[in-house]
Amino acid sequence: MLREQVSKPLKIQGREVQSDMIGSLRDANRNGDLKEQLLRDGYLLLRGLHDPQAVQAARIEILQRLVEVEEIVEPAGAGIATGRSKRAEMHSDLGTFWRSVSEGRALRDVINGPRITQAMSDLFGEPAAHFTFAWLRVMTAGRASPLHIDHPYMNRGSNALVTCWSPMGSVSLDEGPLFIVEGSHTWPELRVQFEGLDVDREPNRPGHLKESAADLARDKGTRLLTTSFQPGDCLVLGMFTAHAAFDNCSTSGRVRVSCDTRFQPASDVMDERFSGPNPPAHGGLGYGCLSAAKPLTGEQSLR
């Protein structure tokens, strides 16, 4: 069961999830063997990895850019959506705009900074390196990320690649926190279905799971693991750990701000789509491939 109090049922795509299907993520032992814990659980919940003040500075930096396009009301740090947008009106190239937001100095000081780099070096047992591309997302009420694993989207480089999901601010249980499907990293059927799939080379094959996360967990006799997050927390995931987010059910219009980046051993080959000074990303579209590049009032998809 989830250790924290839930004021109202958690939802996935509008469907309530029964409370007995939800469990708590385990805090990682920062003084223990991180690699062993990642292999065991498929994730590492690193509480307080980032400097909370640096996270708050990054949050304000991001949301202030959305204030400028009339998507967020002042004060920016509160993260309340206006329900309208002038992003497309003010920026003819949405990918370029989102790249400029995603490359903000305060954000990069957090997601690519020395604290997370050292933690990833500890995980790999050798110096770590990160993609230059970052997946910054701002989720409005009613939205969530669908169920997927990361392997089909970024598998041309290191086999030791990990995802680092960092919330830019607190995320309560009703604001769409990330969850993982317990034990999914050990399921051979996921590897049979997805290992070697490259969504850019095989665009007609979906890279995400079609099943409902709750239905899948029930069929497998497992749970959806989540928690509330505080500024400074970081959730590390392996490439075959099935994960998604609960719906953002905020009643105040508060957005969920988070950013993914990927780390790997520096000695390994890096996926050319997401590395270098101007990463082409999916389809050569750069940051324009991300649904987050669209106005907050627009349709959202997986990327």
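So the values come out like this:
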{"quantity": "Filter pass, SER158 being in contact (Cβ under 8 Å) with a residue 24 or more places away in the chain, assigned to a loop (DSSP other than H, G, I, E, B) and of a type in the set (S, T, N, Q)", "calculated": "yes"}
{"quantity": "Scope the range 106-123; condition in contact with a helix residue (DSSP H, G or I) (Cβ under 9 Å, 6 or more places away or on another chain) and surrounded by fewer than 19 Cβ atoms within 10 Å (Cβ to Cβ); matching residues", "calculated": "ALA106, ARG108, ASP109, GLY113, ARG115, ASP122"}
{"quantity": "Hits in the range 124-150 (condition: out of contact with any strand residue (DSSP E or B) (no Cβ under 7 Å at 6 or more places or on another chain) and either buried (at least 21 other Cβ atoms within 10 Å of the Cβ) or aromatic (Phe, Trp, Tyr) (or both))", "calculated": "PHE133, ILE149"}
{"quantity": "Check on ARG59, in contact with a strand residue (DSSP E or B) (Cβ under 7 Å, 6 or more places away or on another chain) and under 24 Å from GLY298 (Cβ atoms)", "calculated": "yes"}
{"quantity": "Among (1) in a helix (DSSP H, G or I); (2) open to solvent by 50 Å² or more (accessible area, probe 1.4 Å); (3) in contact (Cβ under 8 Å) with a residue 24 or more places away in the chain, the one test that GLY83 misses", "calculated": "(1)"}
{"quantity": "Enumeration of residues in the range 1-53 that are outside any strand (DSSP E or B) and among the polar types (S, T, N, Q)", "calculated": "GLN5, SER7, GLN13, GLN18, SER19, ASN29, ASN31, GLN37, GLN53"}
{"quantity": "Subset of the range 89-105 [in contact (Cβ under 8 Å) with a residue 40 or more places away in the chain and open to solvent by 60 Å² or more (accessible area, probe 1.4 Å)]", "calculated": "ASP93, THR96, ARG99, ARG105"}
{"quantity": "Per-region count, the range 274-299, residues open to solvent by less than 10 Å² (accessible area, probe 1.4 Å) and assigned to a loop (DSSP other than H, G, I, E, B)", "calculated": "4"}
{"quantity": "Hey, THR163 over 25 Å from PHE131 (Cβ atoms) and open to solvent by less than 10 Å² (accessible area, probe 1.4 Å) or not", "calculated": "no"}
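For (1) more than 25 Å from THR140 (Cβ to Cβ); (2) assigned to a loop (DSSP other than H, G, I, E, B); (3) open to solvent by 40 Å² or more (accessible area, probe 1.4 Å), each residue gets a yes or a no:
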residue: VAL55; (1), (2), (3): no, no, no
residue: ALA58; (1), (2), (3): no, no, no
residue: GLU61; (1), (2), (3): no, no, yes
residue: VAL67; (1), (2), (3): no, no, no
residue: GLU74; (1), (2), (3): no, yes, yes
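The values are calculated or read from the model by the stated rules, or taken from the named source; none is laboratory data. What you are looking at is a predicted structure, and each value in this text was computed from that prediction instead of being measured. Note that we place each Cβ from the backbone using ideal geometry, even for glycine, and neighbour counts take in every protein chain shown. All accessible areas refer to the heavy atoms of the entire protein, side chains included, with ligands and DNA or RNA removed. Shrake-Rupley method; radii C 1.70, N 1.55, O 1.52, S 1.80 Å.
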